Ligand SMILES: Nc1ncnc2c1ncn2[C@@H]1O[C@H](COP(=O)(O)OP(=O)(O)OP(=O)(O)O)[C@@H](O)[C@H]1O
Ligand SMILES: [Mg+2]
């Protein structure tokens, strides 16, 4: 009896210490998580602050007279589309004299450079428009877009502004005429890259990234899982397989730029595959993703209880039936999680793609894995490098789009893991 | 019965079997003849190598990389460690119920149907269902699970899982059934049903059972092997082992002085 009470007293005495330790660890973990969240929040807030303006785009809506003197059916697709646009826009600008060349230039410059091509495409598609008046909504050029979003302060001295007083006055006339609107900027998603920020979009980069990721997945997923299954389930455990294991871990740690150089000399140099192609990009990314998938798959296979293997083998299942019928399905959530995390890394990878020329300036979306393209991260790289003000906010917007995809992929990984997780 | 055991050709013979786990020797020079159509019981204190020897008979030890087996084991006169012998086929012939219940994380039906499926034992779904029902009935589990055959086998209780694993093993109709403590988690009623099953099976097959219950060994087996510290101390007719043990260690064990 005495012995028992003393045990309890000892336990109680030590409990205080143990509880203190536990609280300390909990606090440490909590503060680490808070710190991580703080950093993430800072990143996202700063990106939103600088990038949110790129999600809307200033447009001007006005009546355009498709002047038969400027645009003749016989000369299509050539014609004085810019002149027709300028003349029509000038209708909203009382007191502006188009016969002055400099003024006419300024009026033309209010509109995005893409406006005339937009009008041209409309007229080419339907020549009966010639001689008619149509309502047109087109983006304004970058300086006016900035002005409308508050990026240009009319109170700064004129010589320090990208727009002089006269230009600002013209824009205010358009605002007064109720022609200016600021709708959601779908062009950011549905346009390809352009020299003009108000027209530049991510379509090419999105399609390029999609192709590259598809190629990367098709190569790295089967090869990675195959290699992992072989190493984990079939390969004899000896010095040689240890060597392979060490080297796969090394491969996962190789800086990505090295893979880019390798791809440049092997895929492009020897195999003669085209530069800037998503196919080559995907193959390069596959080199980097494969070790990640192999390591994740092996860990997932290892975590399947050996009793499951014994149960299947004991019933006379062949090793192959055991692996594909029992072990692999149980390991699948872990494998998928690893794969998606690997692909998310690949989606954000920049350096190797720069080396194989996926930072080329390409104004049309790729129509296949072999045509030149950019990817999201390389597009961000290009835009970040561009001097125009409009690209600064687009860079942040593109980063937000990329982060959106990454978060989606990671969410899918978590969803898959919880959906397929099994209890044994 | 005694004469039958001695005259009939043994189903399994083991000669001079040594087993090593890495550098430690788990079995020393074990030789036994396991008769056909009889129940052989392995008894002995924990850690003496009963499971290890059982796993040699269907080559499950192959799956442990550090395990090394030497000596001869034959099944119907054929050396099972011969390079020409396919362990997959051997394990279809020699079924096993493991010491720890290990149902697949699949439905109860799929657990039992797995063996018949991979070996193509049924022509159609109806026949497969018949096999599954029969196996579950013989393992004394049918009444408890007949309404939830599509629920996971891992959701059963420990004793139910044990019977599920027995049902799964007998569904493939092996020639030899190795049972490693098949009743360790069962109540007396289920134990009696499994013992009945073992008797029933032994009319056609050879059954080897590891047990910690002397009474069970005495009840179900015709032959008993006593293992101690990796040695086969004594092997003979169950009656003799329990009434007239020739080795003092056997006597000490069955009277409860070592174990
Ligand atoms: N996988 C293994 N790796 C290393 N040593 C092992 C392994 N399995 C068994 N052993 C060792 O072999 C010896 C015999 O083990 P075994 O499992 O055959 O005993 P057992 O007679 O079945 O005992 P129990 O009645 O407790 O099940 C033990 O000393 C054990 O530590
Ligand atoms: Mg055992």
Check your understanding: Does the stretch A:372-389 contain any residue that is modelled with pLDDT under 90, closer than 30 Å to residue A:152 by Cα and not in a loop (DSSP other than H, G, I, E, B)?
Key -> yes
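Based on this model, can you work out whether residue A:296 counts as assigned to a helix (DSSP H, G or I) and crowded, with 20+ Cβ neighbours inside 10 Å?
So residue A:296 passes the test.
Could you identify the single residue in A:54, A:13 that is in a helix (DSSP H, G or I) and out of contact with any helix residue (DSSP H, G or I) (no Cβ under 7 Å at 6 or more places or on another chain)?
Answer to the selection: A:13.
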Review point. Hey, among the residues in the stretch A:147-166 that are in a helix (DSSP H, G or I) and modelled with pLDDT under 90, which one's farthest from residue A:105 (Cα to Cα)?
Key: A:160
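Kindly indicate whether residue B:109 is touching a helix residue (DSSP H, G or I) at 6+ places or on another chain (Cβ under 9 Å), within 16 Å of ligand 2 (Cβ to nearest atom) and modelled with pLDDT of 95 or more.
no
When you look at residue B:167, is it more than 15 Å from ligand 2 (Cβ to nearest atom) and closer than 14 Å to residue B:97 by Cβ, yes or no?
yes
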Check your understanding: Taking the stretch B:14-73 only, how many residues are part of a strand (DSSP E or B), within 16 Å of ligand 2 (Cβ to nearest atom), surrounded by 15 or more Cβ atoms within 10 Å (Cβ to Cβ) and away from chain A (no Cβ under 14 Å)?
Key -> 8
Practice item. For the stretch A:24-39, indicate whether the set of residues that are farther than 30 Å from residue A:407 by Cβ, outside the structural domain of residue A:169 (by TED's automatic domain parsing) and not in a loop (DSSP other than H, G, I, E, B) is non-empty. Key: yes
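The rows are residues; the columns are (1) out of contact with any helix residue (DSSP H, G or I) (no Cβ under 6 Å at 6 or more places or on another chain); (2) farther than 24 Å from residue A:409 by Cα; (3) within 14 Å of another protein chain (Cβ to nearest Cβ).
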{"residue": "A:262", "(1), (2), (3)": "yes, yes, no"}
{"residue": "A:274", "(1), (2), (3)": "yes, yes, no"}
{"residue": "A:303", "(1), (2), (3)": "yes, no, yes"}
{"residue": "A:322", "(1), (2), (3)": "no, yes, yes"}
{"residue": "A:325", "(1), (2), (3)": "yes, yes, yes"}
{"residue": "A:330", "(1), (2), (3)": "yes, no, yes"}
{"residue": "A:340", "(1), (2), (3)": "no, no, no"}
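In this structure, is residue A:372 surrounded by fewer than 22 Cβ atoms within 10 Å (Cβ to Cβ), within 14 Å of another protein chain (Cβ to nearest Cβ) and out of contact with any helix residue (DSSP H, G or I) (no Cβ under 8 Å at 6 or more places or on another chain)? Spell out the reasoning first.
Working: surrounded by fewer than 22 Cβ atoms within 10 Å (Cβ to Cβ): yes; within 14 Å of another protein chain (Cβ to nearest Cβ): no; out of contact with any helix residue (DSSP H, G or I) (no Cβ under 8 Å at 6 or more places or on another chain): yes.
Against the criterion (surrounded by fewer than 22 Cβ atoms within 10 Å (Cβ to Cβ), within 14 Å of another protein chain (Cβ to nearest Cβ) and out of contact with any helix residue (DSSP H, G or I) (no Cβ under 8 Å at 6 or more places or on another chain)), residue A:372 does not qualify.
A quick yes/no check of all residues on (1) without any contact (Cβ under 8 Å) to a residue 40 or more places away in the chain; (2) in the same structural domain as residue A:78 (by TED's automatic domain parsing); (3) on the phi > 0 side of the Ramachandran plot; (4) under 30 Å from the mean Cα position of the chain (by Cα):
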site	(1), (2), (3), (4)
A:114	no, yes, no, yes
A:118	yes, yes, no, yes
A:127	no, yes, no, no
A:131	no, yes, yes, no
A:135	no, yes, no, no
A:138	no, yes, no, yes
A:141	no, yes, no, yes
A:160	yes, yes, no, no
Review point. (1) modelled with pLDDT under 95; (2) within 14 Å of another protein chain (Cβ to nearest Cβ); (3) within 16 Å of ligand 2 (Cβ to nearest atom); (4) within 23 Å of residue B:73 (Cα to Cα): which one isn't true of residue B:173, the others all being true?
Key: (3)
Check your understanding: Here is a list of conditions, (1) within 16 Å of the chain's Cα centre (by Cα); (2) more than 23 Å from residue B:250 (Cβ to Cβ); (3) near ligand 1 (Cβ under 10 Å from one of its atoms), and residue B:36 meets all of them except one; can you say which number that is?
Key -> (3)
Exercise for review: Check residue B:59 against each of (1) in contact with a helix residue (DSSP H, G or I) (Cβ under 6 Å, 6 or more places away or on another chain); (2) farther than 23 Å from residue A:232 by Cα and name the one condition it does not meet.
Suggested key: (2)
Point to revise | Single residue of the stretch B:171-185 satisfying the filter (crowded, with 20+ Cβ neighbours inside 10 Å and in a loop (DSSP other than H, G, I, E, B)) that is farthest from ligand 1 (Cβ to nearest atom) | key: B:172
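Determine, yes or no, whether residue A:363 is more than 14 Å from chain B (Cβ to nearest Cβ), within 22 Å of residue A:261 (Cβ to Cβ) and not in a helix (DSSP H, G or I). Quick ask: steps written out before the conclusion?
On the way: more than 14 Å from chain B (Cβ to nearest Cβ): yes; within 22 Å of residue A:261 (Cβ to Cβ): no; not in a helix (DSSP H, G or I): yes.
Taking the combined requirement at face value, the residue does not satisfy it.
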Check your understanding: Taking the stretch B:204-215, which residues are within 13 Å of residue B:180 (Cα to Cα) and either without any contact (Cβ under 8 Å) to a residue 60 or more places away in the chain or more than 12 Å from ligand 1 (Cβ to nearest atom) (or both)?
Key -> B:207, B:208, B:209, B:213
Review point. If you take the residues of the stretch B:144-170 that are away from chain A (no Cβ under 14 Å) and assigned to a helix (DSSP H, G or I), which of them is nearest to ligand 1 (Cβ to nearest atom)?
Key: B:159
**Study point:** Residues located in the stretch A:305-320, provided they are more than 7 Å from chain B (Cβ to nearest Cβ) and part of a loop (DSSP other than H, G, I, E, B)
**Key:** A:305
**Study point:** Subset of the stretch B:74-102 that is over 24 Å from residue B:165 (Cα atoms) and in a strand (DSSP E or B) - its residue that is nearest to ligand 2 (Cβ to nearest atom)
**Key:** B:74
Check your understanding: Yes or no: residue B:122 within 24 Å of residue B:220 (Cβ to Cβ) and outside any helix (DSSP H, G or I)?
Key -> no
Check your understanding: Looking at (1) closer than 21 Å to residue A:329 by Cα; (2) within 14 Å of chain A (Cβ to nearest Cβ); (3) crowded, with 16+ Cβ neighbours inside 10 Å, which is the one condition that is false for residue B:99?
Key -> (1)
Revision key, fill the gap. Taking the stretch B:201-259 and keeping residues more than 16 Å from ligand 2 (Cβ to nearest atom), part of a loop (DSSP other than H, G, I, E, B) and over 22 Å from residue B:169 (Cβ atoms) leaves B:244, B:245, B:246, B:247, B:255, B:256, B:257, B:258
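The values are calculated or read from the model by the stated rules, or taken from the named source; none is laboratory data. On a predicted model such as this, the values are computed, not experimentally measured, just so you know. So basically every Cβ, Gly included, is an ideal-geometry build from the backbone, and we count neighbours across all protein chains shown.
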